[in-house]
Amino acid sequence: MPPQKVVLRFGADIADQPVIYKLVKDYDLVINILKANVNPQKEGTMVLDITGEKIAEGIEYLRRVGVRVQSLTEEIIQNEDKCVSCGACTAICPTGALYLERPSMEVYFDSDRCVVCHLCVKTCPVRAMEVHF
Amino acid sequence: MAVEKTFQEINEKIKSGKAVVVTAEELVSMVKEKGVKRVTSEVDVVTTGTFGPMCSSGAFLNFGHSKPKIKMYRVWLNGVPAYTGIAAVDAYIGATEVREGDPLNSNYPGEFRYGGGHVIQDLVARKKVLLKAIGYGTDCYPCKEIETEITLDDINEAILFNPRNAYQNYNCAVNLSSRTLYTYMGMLKPNLGNAHYSTSGLLSPLLKDPMFRTIGIGTRIFLGGGIGYVVWNGTQHSPSFIEGKDGKNLGPAGGTLAVLGDLKQMSPRWLVGTSFIGYGATLTVGLGIPIPLLNEEVCRYAAAGDDELFAPIVDYSEAYPNRLPDILGYVSYAELKSGKITVKGKEVPTAPLSSYPRAREIARILKDWIQKGEFMLGEPVQLLPNAGAGIKTNVLNG
């Protein structure tokens with residue numbers, strides 16, 4: 001199967017489970033972790049590049065243990081013509097991809113840290129955060 | 001001898017290109033360095049700015065008469081109802097009105113993608129806006145229905161008239177409950193997940209003239225990218241000073257302004273349609289006020305830094321909706337701007353809803369206009385009630 005990029009989201013209850021180890025050992029998958037935000041007792045997100053024969057089975061395993069799996073085909077864009085640098089997104093973004101630069105207080109978007117959770121798209125008061133496919 | 005200047009003297013200096021103008025940001029550091037006395041004699045005008053969501057905004061529009069004439073009974077602009085119970089072809093489009101048929105919060109949290117604030121932004125962007133109106137027909141106004149496209153340039157008058165803008169100070173909103181809240185202060189994460197505030201702090205107009213010594217009816221201002229005026233105190237105007245536990249003055253709060261200006265001069269950069277998920281639509285307004293340094297008292301107030309201005313921390317799960325007086329403490333704008341504060345022993349990330357970079361830009365534009373002699377100060381014909389007036393807001397008993 002061709003390599004696949006996926007976003008994993010897991011609740012605090014399963015953040016302590018060794019899911020990546022299982023993917024490697026039980027499903028013989030090659031895992032490249034592109035981004036990860038995992039903390040004990042907290043919700044976590046991870047973006048993986050997966051290669052191997054048993055990708056479908058591996059993803060099925062993840063879903064079984066309660067991990068939400070989403071294919072990474074979407075990209076979030078900051079529309080700089082619309083963004084007014086209010087900052088309303090900066091304490092909502094779970095990964096710090098949207099942040100205020102101090103002391104200028106300008107809002108910046110680091111797409112490398114974005115896990116495509118869509119919270120900014122929903123909450124941006126001037127609709128400056130857009131989903132691109 | 002103490003410096004005393006008049007509006008007329010300062011306007012003469014502006015006319016001759018000799019006025020010394022600084023932004024409030026610049027003033028704060030100047031006063032720290034040189035002291036109030038020297039700066040009062042050196043500087044004539046201080047410019048302020050704020051750019052945030054401001055409900056209680058809207059515009060009066062006169063569409064011109066159709067042929068045959070219509071006495072409008074109901075009117076919609078891009079599907080958003082405007083109030084036309086004023087005259088035949090006059091209407092008021094309010095910032096928080098949403099499209100007819102908007103799902104509101106029926107699929108909570110609602111998106112409120114388009115409202116009166118967006119109509120106003122589309123008008124100033126010179127976009128075509130669909131006008132639909134119905135009438136009931138009279139002998140003098142026989143037409144019963146009209147549907148046509150208008151632009152801001154096509155209609156007779158468009159007057160931005162915001163009955164309550166430029167809040168002197170505002171709450172720092174938090175959420176003590178265990179569920180996410182969708183408020184006009186943005187999305188508040190459960191269990192003190194974030195803290196949102198909404199003033200530009202040391203740049204904010206009414207934080208810099210807390211006793212309303214210079215701002216009154218007739219004050220000329222930057223409004224929506226054009227020139228506007230303060231026309232009255234804003235609604236719910238209740239100026240006061242916050243007193244800390246030890247009796248320390250934590251800065252002003254509660255003052256508001258009613259402002260007016262020619263919408264045709266304004267720009268979509270400074271009037272931005274705004275949507276708060278789960279709450280509604282509104283308008284983000286750019287507003288800046290020049291403060292003449294008439295004397296040392298005015299200068300001292302205008303030089304207040306972010307460490308001297310405080311916001312009350314309010315819980316939006318209980319205290320705010322139920323109109324309880326509980327305040328979780330006070331926090332300075334210096335702390336708020338640092339990115340984190342401590343509430344009930346927990347470190348909470350902060351975020352603003354009003355754009356500091358845009359506020360700074362407004363203060364700079366206003367400074368530039370005055371330095372070029374294009375913008376004269378408007379001397380108030382009457383000052384507004386200040387903290388000494390003892391105004392209290394009323395409770396609606398239902």
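The values are calculated or read from the model by the stated rules, or taken from the named source; none is laboratory data. It should be emphasised that the depicted structure is a prediction, and the values quoted were computed from it without experimental measurement. All Cβ positions, even for glycine, are placed from backbone atoms using ideal geometry, and neighbour counts span all protein chains on display. Side chains are part of the model used for accessible areas, which takes the heavy atoms of the whole protein and leaves out ligands, DNA and RNA. Shrake-Rupley method; radii C 1.70, N 1.55, O 1.52, S 1.80 Å.
Report whether or not B:PRO357 is more than 14 Å from chain A (Cβ to nearest Cβ) and either modelled with pLDDT of 95 or more or not in a strand (DSSP E or B) (or both). It is false that B:PRO357 is more than 14 Å from chain A (Cβ to nearest Cβ) and either modelled with pLDDT of 95 or more or not in a strand (DSSP E or B) (or both). Does B:ALA166 meet the test of being in contact with a helix residue (DSSP H, G or I) (Cβ under 6 Å, 6 or more places away or on another chain), farther than 28 Å from B:THR23 by Cβ and not hydroxyl-bearing (Ser, Thr, Tyr)? So B:ALA166 fails the test. Screening B:ILE70 on (1) out of contact with any Ser or Thr (no Cβ under 6 Å at 6 or more places or on another chain); (2) outside the structural domain of B:ASP154 (by TED's automatic domain parsing) shows it passes everything except condition (2). Any residue that is more than 14 Å from chain A (Cβ to nearest Cβ) and in contact with an Asp or Glu (Cβ under 7 Å, 6 or more places away or on another chain) - is there at least one of those in segment B:222-243? Yes, segment B:222-243 has at least one match.
Residues in segment B:225-258 that are in a loop (DSSP other than H, G, I, E, B) and over 28 Å from B:SER332 (Cα atoms): B:GLY225 only.
Taking segment B:203-238 as the range and being hydrophobic (A, V, I, L, M, F, W, C) and open to solvent by less than 20 Å² (accessible area, probe 1.4 Å) as the test, the residues that pass are B:LEU203, B:LEU206, B:LEU207, B:PHE212, B:ILE215, B:ILE221, B:PHE222, B:LEU223, B:VAL230.
For residues that are surrounded by fewer than 17 Cβ atoms within 10 Å (Cβ to Cβ) and part of a loop (DSSP other than H, G, I, E, B), scanning just segment A:110-128, find the one that is farthest from the other protein chains (Cβ to nearest Cβ). It comes out as A:ASP110.
Taking strands (runs of 3 or more DSSP E) as the structural unit, those lying wholly within segment A:69-109 and holding at least 2 residues that are surrounded by fewer than 20 Cβ atoms within 10 Å (Cβ to Cβ) and of a type outside the set (Phe, Trp, Tyr) correspond to A:75-78.
Please work out which residue is farthest from B:ALA95 (Cα to Cα), limiting yourself to segment B:115-159 and to residues that are in a loop (DSSP other than H, G, I, E, B) and of a type in the set (Gly, Ala, Ser). So the residue we want is B:GLY137.
The residue that is nearest to B:GLY273 (Cα to Cα), among those in segment A:73-96 that are within 14 Å of another protein chain (Cβ to nearest Cβ) and under 11 Å from the mean Cα position of the chain (by Cα), is A:CYS93. Listed by first and then second residue, the pairs linking a residue in segment B:100-123 that is basic (Lys, Arg) to a residue that is open to solvent by 90 Å² or more (accessible area, probe 1.4 Å), with Cβ atoms under 9 Å apart and 6 or more places separating them unless they lie on different chains, are B:ARG113/B:ARG99.
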